[in-house]
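A short write-up of the structure that comes next.
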Amino acid sequence: MTKDNGLLQDTFNRKHTYLRISLTERCNLRCSYCMPENGIQLSPKSHLMSYEEIFNIAKIFVKHGVSKIRLTGGEPLIRKDIPVILEKLSSLPVELSITSNAIIIDKFINTLKDNGIKSLNISLDSLNREKFKQITRRDQFEKVYDNILLLIKEGFNVKINVVLIKGFNDNEIIDFINLTKELPVTVRFIEFMPFDGNKWDMAKMVSFKTIMENVYNTFTESQIIRIQDAPSDTSKNFKVKGFKGSFAIISSVTNPFCDSCNRLRLTANGQLKNCLFSALESDLLTPLRHGKPIESIIEKAVTAKFKMRGGMDTLEKLQNPELHNNNRSMISIGG
């Protein structure tokens with residue numbers, strides 16, 4: 001398949017090689033930072049991409065330079081046709097991975113292996129059962145934790161995503177890092193980000209600086225090893241000397257990685273988002289269903305990408321609810 005990066009290069013010379021595809025707006029958890037308390041109005045099933053449409057759109061992106069695809073949700077594994085989606089996408093010359101909450105992932109171990117998936121991002125925001133229940137509104141901590149251990153046992157590369165919220169789980173930073181002493185996982189601390197309905201407040205954020213202060217209050221400077229970040233990596237990576245795993249910090253708000261961003265997002269109802277923070281969307285599904293080419297729509301969307309955080313290039317703009325409340329809730333964008 002011939003690849004041409006021109007279509008996916010924006011006006012800041014960023015080449016977009018990473019596509020995140022949301023398979024569903026549905027989820028078997030109700031995380032407060034992701035889903036509004038009263039839920040969301042789900043798209044009608046007829047408005048969602050079929051597996052054929054997902055594959056056809058993905059092929060176009062791969063043709064023009066995408067080399068990595070991550071499947072997200074909601075919870076991607078609750079789609080009944082997930083085995084077919086994985087089989088189709090694994091036939092493309094891309095690195096294929098999944099973000100999941102791991103509740104039902106034990107049922108898909110062989111399916112994941114059969115389709116060449118080696119890496120998974122698992123969401124886990126507390127190591128305390130009651131706090132897990134509070135933030136997810138479901139009592140599933142043991143199931144998630146047991147399945148993380150199963151994934152490790154089965155040889156998968158596991159990253160654990162932790163959204164930090166001040167006053168809720170920021171006192172677990174060291175507990176999560178200590179998890180990497182015996183487990184070969186990467187724990188990634190993610191700043192709480194603003195989306196519609198998640199009651200975001202700058203005061204609830206836990207910054208990179210605060211996390212590292214916690215780290216150096218527990219470990220000596222000589223114990224902390226700075227790991228080389230991968231190209232276009234969203235995280236700053238570290239390791240405690242002698243620990244099997246590592247930890248990382250994704251500071252999208254206080255220390256954004258926009259200069260090297262190579263990501264695009266496709267929502268479950270076929271809308272292309274050029275930035276997680278941007279409310280702007282481009283409809284790919286409707287023209288695709290009418291047999292029309294979508295390359296020009298993709299190119300226009302990529303060209304329109306702002307330099308930083310969907311145009312919110314200062315913390316003052318980010319704190320303006322009128323700017324970020326027009327964006328979807330995270331559950332309908334795709335994690």
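State which residue pairs qualify: first residue part of a helix (DSSP H, G or I) and inside region 106-123, second residue among the charged types (D, E, K, R) in any location, beta carbons under 6 Å apart, and separation of 6 or more residues or different chains.
Pairs found: Ile109/Glu154.
What about Ser235, is it free of Cβ contacts under 8 Å to residues at least 60 places away in the same chain and open to solvent by less than 10 Å² (accessible area, probe 1.4 Å)?
Considered against the rule, which asks whether it is free of Cβ contacts under 8 Å to residues at least 60 places away in the same chain and open to solvent by less than 10 Å² (accessible area, probe 1.4 Å), Ser235 comes out as yes.
Restricting to region 283-306, name every residue that is assigned to a loop (DSSP other than H, G, I, E, B) and at pLDDT 95 or above. Step through it out loud before you land on a result.
First pass over region 283-306, keeping only residues assigned to a loop (DSSP other than H, G, I, E, B): 284, 290-294, 304-306.
Listed by number, the residues that qualify are Leu284, His290, Gly291, Lys292, Pro293, Ile294.
Taking the options Glu87, Glu130, Glu154, name whichever one is without any contact (Cβ under 8 Å) to a residue 40 or more places away in the chain and over 30 Å from Glu53 (Cα atoms).
Checking each option against the conditions leaves just Glu130.
Scan region 59-78 residue by residue and report those that are open to solvent by 20 Å² or more (accessible area, probe 1.4 Å), in a helix (DSSP H, G or I) and under 19 Å from Arg263 (Cα atoms).
Selection gives Lys59, Ile60, Lys63.
Regarding Val206, is this residue of a type in the set (A, V, I, L, M, F, W, C), modelled with pLDDT of 95 or more and either open to solvent by 40 Å² or more (accessible area, probe 1.4 Å) or under 25 Å from Arg137 (Cβ atoms) (or both)?
Working: of a type in the set (A, V, I, L, M, F, W, C): yes; modelled with pLDDT of 95 or more: no; either open to solvent by 40 Å² or more (accessible area, probe 1.4 Å) or under 25 Å from Arg137 (Cβ atoms) (or both): yes.
Against the criterion (of a type in the set (A, V, I, L, M, F, W, C), modelled with pLDDT of 95 or more and either open to solvent by 40 Å² or more (accessible area, probe 1.4 Å) or under 25 Å from Arg137 (Cβ atoms) (or both)), Val206 does not qualify.
Out of everything in region 23-50 that is in contact with a Lys or Arg (Cβ under 8 Å, 6 or more places away or on another chain) and under 19 Å from Pro83 (Cβ atoms), what residue ends up being modelled with the lowest pLDDT?
Per the stated criteria, the residue is Asn28.
If you scan region 272-281, which residues turn out to be open to solvent by 30 Å² or more (accessible area, probe 1.4 Å) and modelled with pLDDT of 90 or more?
Once the filter is applied, which keeps residues that are open to solvent by 30 Å² or more (accessible area, probe 1.4 Å) and modelled with pLDDT of 90 or more, region 272-281 yields only Glu281.
Does region 36-58 include one or more residues that are within 17 Å of the chain's Cα centre (by Cα) and either farther than 23 Å from Pro287 by Cα or open to solvent by 10 Å² or more (accessible area, probe 1.4 Å) (or both)? Break it down into steps so the answer makes sense when it comes.
Of region 36-58, the ones within 17 Å of the chain's Cα centre (by Cα) are none.
No, that holds for no residue.
Would you pick out the residues in region 127-173 that are in a loop (DSSP other than H, G, I, E, B), under 24 Å from Ile109 (Cα atoms) and in contact with a helix residue (DSSP H, G or I) (Cβ under 6 Å, 6 or more places away or on another chain)?
Start the filter on region 127-173 by keeping residues that are in a loop (DSSP other than H, G, I, E, B), which leaves 127-128, 137-140, 154-156, 165-169.
Filter once more, so that each one left must be under 24 Å from Ile109 (Cα atoms): 127, 138-140, 154-156.
Those that are in a loop (DSSP other than H, G, I, E, B), under 24 Å from Ile109 (Cα atoms) and in contact with a helix residue (DSSP H, G or I) (Cβ under 6 Å, 6 or more places away or on another chain): Leu127, Asp139, Glu154.
For the list (1) more than 19 Å from the chain's Cα centre (by Cα); (2) surrounded by fewer than 17 Cβ atoms within 10 Å (Cβ to Cβ), I need the number of the one condition that Lys118 fails.
Exception for Lys118: condition (1).
Under 9 Å between Cβ atoms, which residue pairs at least 6 apart in sequence (or on different chains) link something in region 206-230 that is aromatic (Phe, Trp, Tyr) with a partner that is part of a loop (DSSP other than H, G, I, E, B)?
Phe208/Ser251; Phe208/Thr254; Phe208/Asn255; Phe219/Lys241
The values are calculated or read from the model by the stated rules, or taken from the named source; none is laboratory data. Here the structure is a predicted model, which means the values were calculated and not measured. With ideal geometry, Cβ positions are generated from the backbone for all residues, glycine too; neighbour counts draw on all protein chains shown. With ligands, DNA and RNA removed, areas are computed over all heavy atoms of the protein, side chains included. Shrake-Rupley method; radii C 1.70, N 1.55, O 1.52, S 1.80 Å.
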